[in-house]
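Trainee: Quick one: the structure is below, and I'll ask about it shortly.
The values are calculated or read from the model by the stated rules, or taken from the named source; none is laboratory data. Every value quoted in this text rests on a predicted model; they were computed, and no experiment measured them. Here the Cβ positions follow ideal geometry from the backbone for every residue, glycine too, while neighbour counts run over all protein chains shown.
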Amino acid sequence: MHIAAPPDPTRWRTGSGLMLVRTATCVVAGIVGSSIFAAFADGGQITVGVMIRQMLAIVMLLTASIWLARREDEQNSDRAERILAFISLDALTGILNRSFFVDRIRAEDEGGALLIIDADRFKAINDSYGHYSGDIALVRIANAIDASTPKPGFVGRLGGEEFGVFIPKIALSQARNIAESIRKSVEVLDFSVAGTAVPLSVSVGVSLHKAVDPVRVAFTQADENLYAAKRGGRNRVAIAPTPVHELQRRIGIAR
């Protein structure tokens, strides 16, 4: 897929300037070399002053060429960073998008804990207060999740009002504690629309991921646990399906 990178209006100026300086350096160096060769060939002499001025001109041009080359490298590095952010981050929340979130999990050498987090009753917020207010709420929720996720854990937006957290090399009990911390951080958010307080909460499903297993295994388990948290009353964490949900799943009437 072709990704259109954000334009860099200064890049062409640096590249053109570098080309001109390098060309001028080559021309001046050629002229100096030719004059020295011609002088010696004719038995003439080159004065020290003339030699110094000619060499100084070459040094100045070389210095300008080096400075412009470094400037071009910096701009290329900045451009690469902007392109990476453009294709890897969710445009609304600034956290990883689903594709890069999953790819980072696959890149982990060891397993860890996967948390799938879903905003509770979010459709009601959009319906009652509008999608703009809903977007603000999503950003606030994403910030709370990110702030409550310990490093080297990372956060991604899976789609809509659903988020993912992955924490490498962690036990299930520790993951549950982190999930509770995330849930509480969202629950205490002070969010209002036009002076009306709007409570926010999330449900969290937790699973463990083994590096040897496909990522979909952990996603399926975490999703089932998320559904259990929803069925259990929302605004809670689940690390295993409830007995009722497990029975429903086995007989084929659960999600």
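Trainee: Exactly one of (1) farther than 18 Å from residue 225 by Cα; (2) free of Cβ contacts under 8 Å to residues at least 40 places away in the same chain is unmet by residue 177. Its number?
Mentor: It is condition (1) that residue 177 fails.
Trainee: Next question, about the same structure. Checking the conditions here, which among 84, 96 is modelled with pLDDT of 95 or more and either more than 19 Å from residue 225 (Cβ to Cβ) or among the basic types (Lys, Arg) (or both)? Talk me through it step by step, then tell me what you get.
Mentor: Working: 84 fails: modelled with pLDDT of 95 or more.
Selected residue: 96, the only one of 84, 96 that is modelled with pLDDT of 95 or more and either more than 19 Å from residue 225 (Cβ to Cβ) or among the basic types (Lys, Arg) (or both).
Trainee: Pairs please, first residue from segment 211-224 and touching a residue at least 12 places away in the same chain (Cβ under 8 Å) and among the charged types (D, E, K, R), second anywhere and in a helix (DSSP H, G or I) and crowded, with 19+ Cβ neighbours inside 10 Å, Cβ atoms under 9 Å, 6+ apart in sequence or on different chains.
Mentor: 224/245
Trainee: Here are some conditions: (1) within 22 Å of the chain's Cα centre (by Cα); (2) in a helix (DSSP H, G or I). Residue 123 meets all but one. Which one does it not meet?
Mentor: Unmet condition: (1).
Trainee: What are the residues in segment 85-118 that are under 22 Å from residue 240 (Cβ atoms) and not β-branched (Val, Ile, Thr), if any?
Mentor: At the first step, the residues of segment 85-118 found to be under 22 Å from residue 240 (Cβ atoms) are 105, 111-118.
Residues satisfying the conditions are 111, 112, 113, 114, 115, 118.
Trainee: For residue 139, state whether it is within 17 Å of the chain's Cα centre (by Cα) and among the hydrophobic types (A, V, I, L, M, F, W, C).
Mentor: Numbers: within 17 Å of the chain's Cα centre (by Cα): yes; among the hydrophobic types (A, V, I, L, M, F, W, C): yes.
It is true that residue 139 is within 17 Å of the chain's Cα centre (by Cα) and among the hydrophobic types (A, V, I, L, M, F, W, C).
Trainee: Another question, if that's okay. Applying the selection to segment 83-112, what residues are free of Cβ contacts under 8 Å to residues at least 40 places away in the same chain and under 30 Å from residue 133 (Cβ atoms)? I'd like the intermediate steps shown before the answer.
Mentor: Step one: filter segment 83-112 for residues free of Cβ contacts under 8 Å to residues at least 40 places away in the same chain, giving 84-85, 88-89, 91, 99, 103, 107.
Those that are free of Cβ contacts under 8 Å to residues at least 40 places away in the same chain and under 30 Å from residue 133 (Cβ atoms): 85, 88, 89, 91, 99.
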